Amino acid sequence: MRNTLTGEIPLVSRDAEMDWILAKLNRPEPAAFVLAGAAGVGKTRLAAEAAKSATALGFTTAQAVASRAAAAIPFGPFAPFLPEAGHPAGDLLELLRRTSDAIVGRAGPDRKLLLVVDDAHFLDEGSAALLHQLVQKGACSVLASLRTPGPAPEPVTALWKDGLAERIDITSWGEAETGAVLTAVLGGPVASGSVRRMWEMSQGNALYLRELLIGAVGSGAMAQTSGIWSLRAPLTAPGRLVELVASRLAGLAPETVAAVELLAAGEPLGIPLLEKIADPAGLEDAEIQGLVHVYHDGRRMEARLAHPVYGEALRQSLPRSRLRRISAILAGAIEATGARRREDLLRQGRWQLDAGGPGEPALLSRAARRASEMFDMDLSARLAQAALDLGGGVDAGLVLGETRFRSGRHAEAEAVLASMVPRCRTDTDLARIASARAHNFHNHLGDLAAATAVLDEALATVTDAGPRFQLLGRLATIKAFEPDPEAALAAAGPLLASDDDVLISRGAYVSSIALALLGRGEESVAAAYTGLESHRRASGIPQLPEAQLLGSVMGHAAGGGLAEAEADAATGAQACLAAGDKEGQASHLFLSGCVLIEQGQLTRAAAAVLDGVSIDREINDVAALRWALSGLALAEAMSGHTDRALAAAAERDLLPATTMMIYETDVVDRGRAWVAVATGELSRACGILSEAAARAEAMHMYIAEARVRHDLARLGHPGAVAARLAALAELTDGTLVTVLAAHAAALAGGSAADLEATGQAFEAMGASLLAAEAYLAAAAGYRSGGLARPASAMTRQAGELAARCGDVSTPGLSFGTQEERLTRREREVAGLAAAGGSSREIAAKLVLSVRTVDNHLQNAYSKLGVTSREELARVLRG
């Protein structure tokens, strides 16, 4: 069932303007303002809200609305203020006087009247003169709205030019403000990519944003899935917006409309090209009317429509036959100029496609590659398919296959790529196809054996050094994600030793990830930054250079540089968002969430990962979706949001397992364990973590192992893991594992001073939640030793840190509470009972007798001073 939106868009980021207007109105003398801005930006809405607030200040308000239709009627906007009978026909001066007197008469002796004049640019000559006179005489306060750019009556313009009124320019909303509006209207978080698309199309114009949102929700293009809103289909202009744009074109000269239609089909267009195929007078008129924007791009002068909505609405409303004709004209015109710019290639290919005439396969293939580089997968697929249909070869098939798997159509991608193998005539073609197939098999189809077989087969045939290195680079990447960090480093070595920036960037990418897994954080970060520079110098790499930052995020985090890791993840996510790289953005959002979890910023972590989840669903990246949902479950479980954690875990468990184990232990298994903690199953959680730690150790994933073993310490088993954590600290660099090991040792030894020291180390690292847990444990130790003052100081410090984290609920935060007096088994039984489990269900889960469960439960009741499971749940939540 589709939703229907009604009501107004919230008035966002207008506080400064509103406060300024009301402050001036609150003075004894009348004030005058002109609200200037583009159509739909929110001038009328701001004026209406200001009028409402003025009423509370004791003002009488009156409104006059000008319009294009009424511009020929003298004093038409002010007609409601006049008595119904008696003024000499044609005597404009008398009419001016009478209208002025009628308006001023509403003010009363204190002159507390606010006159609101909407769309003052449409005022007739007499009305404009009246408005100017009222302001000049100070007869009342005035708030007039004016559309810019565009012509306006001279008396209206004179209001601010002569200093009679204050001009307040109302600007469009920025992206962040647009996101805030969407969240408020929809009542929940909105995917960042969808916010970006809505902002790009609306340009922050309140009217356009409202219509786009109503249309998107009404059509089902914008929908909510598992707690987040996102665009599921391309954003199009709804009927009312198409009609609004059509009304702006109504009455314009044919040559003006023709220029606007050319730009709708081909924007941006160079002025020299446009003047060859359009009437220059029409272009000039379109610019004067505010429909076209002319600007410099380097040494070229170009034109585009003044607002993206115009182009979208016109492309939807143009007859297909006319759009084909315009596309043919544009394709011919740009071909005649030589298509010298890189962007010209893509536009020429698109216009050939839209014109429906015969296309040139090689040109369409190159255009498809360019569209893919710009992350326009729909256009890339159209161009590549057209190239193949016209006899294009491996180039067309490769880009079509890549476009298919990057759009989530993995089986189709393999079918296309496999069909290209017999067409390969060079080692370069064989390597490119084999590498793409191996990536699709490994990352998307979850078939490691097939990926390896494809690479082995190609390596047995390919002899040229460059193509062999490409295949070895793909093999090294697979090793990094299996993961087999030592094998990945060995495979990346020859790539790093080459003098080819493409190979160096691939080797650095693999090395930075492998080194981070091994706990060699400094080397990892250095390798990632080397890869970033090589990637920027190279050409022909489908990913953005910021893909290299994935390794630096992992490397910083491995060494305890959580702030640096967060910064690199944010940089990568923003770069991918700006470029339209959905897969890259989702990867950076996922890692950002992981870093925020380590910082204890669980609300922010859940928001980042949920954003990534929406993208992974959209592009059908099953492995990445599995990891992201696990990260979401982990953040929500540590927050105490049990229902949300269970929902994320349930969706994850419906997905197939992946052959890539890189995040299985410290994200997927930790997510499972902390969901068990949230539901009161501490023994199960510890079992999950113990098995995960053993697997991480076997794969030499030292940072993952350290995180998992430290969780065991946090859940009551510090003595069992302290020695191994100390050994891991010797194997890794940086401060992270060293502090984790020190915390486990302090928990095992019970030294309050040592616990305080580890709390300080966690706090310096930016790990606020872990610091709070350490300080509370220190407080309990000081308290048991009779040291009340340091105990209070530690408790206060822990409370401040926990408050910064937002919603948090971990066993480590129970130190110093009534719950601390419970034994580990009593806490476990109490947690399961508080979650709604019956004694029989708890006994089955913990492999105990029902009598034993009841005995533990009665002990918990006695220690906590409660008499029922409802009271028990309240105490534990508190």
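Of the peptides 539-549, 672-682, the order by per-residue mean of other Cβ atoms within 10 Å, starting with the highest, comes out as 672-682, 539-549. Building the convex hull from the alpha-carbon atoms of segment 540-619 and averaging its projection over directions returns 4.9 nm².
Note that segment 501-590, at 25 °C in a medium of 0.890 mPa s, gets a Stokes-Einstein diffusion coefficient of 197 µm²/s from its Kirkwood radius over C-alpha pairs. Placing +1 on the Cβ of every Lys and Arg and -1 on the Cβ of every Asp and Glu, with nothing else charged, gives segment 213-315 a dipole about its Cα centre of roughly 480 debye. Among residues other than G766 whose Cβ falls under 9 Å from its Cβ, what is the net charge (Lys/Arg +1, Asp/Glu -1)? Its environment carries a net charge of -3.
Entry comment: accessible area of segment 716-840 is 42 Å² per residue, from protein heavy atoms only and a probe of 1.4 Å.
Sequentially through segment 258-264, phi angles give Karplus couplings (6.51, -1.76, 1.60; θ = phi - 60°) of 4, 5, 5, 5, 4, 5, 4 Hz, Gly and Pro residues having no value and appearing as x.
Of the residues G612, L634, A547, the one whose Cα sits farthest towards the positive end of the charge dipole of segment 513-668 is A547 (charges of +1 on Lys and Arg Cβ, -1 on Asp and Glu Cβ, taken about the Cα centre).
Rg/Rh for segment 12-54 to two decimals, with Rh computed the Kirkwood way over all alpha-carbon pairs.
Values: Rg = 10.6 Å, Rh = 11.0 Å.
Rg/Rh for segment 12-54 comes to 0.96.
Neighbours of G837, meaning other residues whose beta-carbon lies under 15 angstrom from its beta-carbon, give a summed charge of 0 when Lys and Arg score +1 and Asp and Glu score -1. With all protein chains kept in place, the per residue accessible area of segment 25-147 amounts to 45 square angstrom at a probe of 1.4 angstrom. Take the Cα radius of gyration of segment 214-264 and divide it by 2.2 N^0.38 Å, N being the number of residues; the result is 1.62.
Take the solvent-accessible surface of the protein heavy atoms, probe 1.4 Å, and return the percent of it on the chain that carbon and sulfur atoms account for. Intermediate results must be reported in sequence, preceding the final value.
Working: 19280 of 36170 Å².
Of the solvent-accessible surface of the chain, carbon and sulfur hold 53 percent.
A DSSP coil position with no more than 12 other Cβ atoms inside 10 Å describes the following trypsin sites (Lys or Arg not before Pro) in segment 273-323: R299. Taken about its Cα centre, the chain carries a charge dipole of roughly 1340 debye when the Cβ of each Lys and Arg holds +1 and the Cβ of each Asp and Glu holds -1.
I'd like the Kirkwood hydrodynamic radius of segment 559-667, using the inverse of the mean 1/r over distinct C-alpha pairs, in Å.
13.7
Given a 1.4 angstrom probe, what's the average accessible area per residue across segment 187-305, in square angstrom?
Details: 4940 Å² over 119 residues.
Here the per-residue accessible area is 41 Å².
Debye-formula intensities of segment 673-811, expressed as log10 I(q)/I(0) at q = 0.14, 0.19 Å⁻¹, are -0.64, -1.12 (one equal scatterer per alpha-carbon, no solvent).
When the listed pairs K43/K137; K43/K582; K276/K582; K582/K845; K52/K137 are checked against a 32 Å cut-off, the alpha-carbon distance exceeds it for K43/K582; K276/K582; K582/K845.
What is the set of long-range amide H partners of V142 at a cut-off below 5 Å, with H atoms built 1.01 Å from backbone N? Residues meeting the criterion, in which the H sits 1.01 Å from N, are A31, A32, F33, L115. Each 5 Å bin from zero holds the following percent of Cα-Cα pairs in segment 362-468: 2, 15, 23, 24, 19, 12, 4, 0. Of all aspartates and glutamates in the structure, the ones whose alpha carbon falls short of 19 Å from that of K112, not counting any fewer than 8 places away in one chain, are D19, E29, E49, D101, E166.
Ranking S127, H439, G193 by Cα position along the charge dipole of the chain, where only Lys, Arg, Asp and Glu carry charges on their C-beta atoms, puts S127 farthest toward the positive end. Projecting the Cα atoms of G357, P151, L400 onto the dipole axis of the chain, where Lys and Arg carry +1 and Asp and Glu carry -1 at the beta carbon, places P151 farthest toward the positive end. Taking only the Cα atoms of segment 494-643, the radius of gyration and Dmax are 15.3, 53 Å. In the frame of its principal axes, the chain has Cα extents of 101, 78, 45 Å, reported largest first. A viscosity of 1.306 mPa s and a temperature of 10 °C, combined with the Kirkwood radius over C-alpha pairs in the Stokes-Einstein formula, give segment 304-390 a diffusion coefficient of 119 µm²/s.
Considering all projection directions equally, how large on average is the shadow of the alpha-carbon convex hull of segment 196-242, in square nanometres? Provide the component values of the computation, followed by the final result.
Numbers: hull surface 12.8 nm².
For segment 196-242, averaging the hull's shadow over all directions gives 3.2 nm².
I'd like the distance separating the alpha-carbon centroids of segment 108-167 and segment 697-727, in whole Å. Rounded to whole Å, the Cα centres lie 73 Å apart.
The values are calculated or read from the model by the stated rules, or taken from the named source; none is laboratory data. Only a predicted model underlies this, so the values are computations on that prediction, with no experimental measurement involved. Quick reminder, even Gly has a Cβ in these numbers, built from the backbone with ideal geometry, and neighbours come from all protein chains shown. For accessibility, only protein heavy atoms count, side chains too; no ligands or nucleic acids. Shrake-Rupley method; radii C 1.70, N 1.55, O 1.52, S 1.80 Å.
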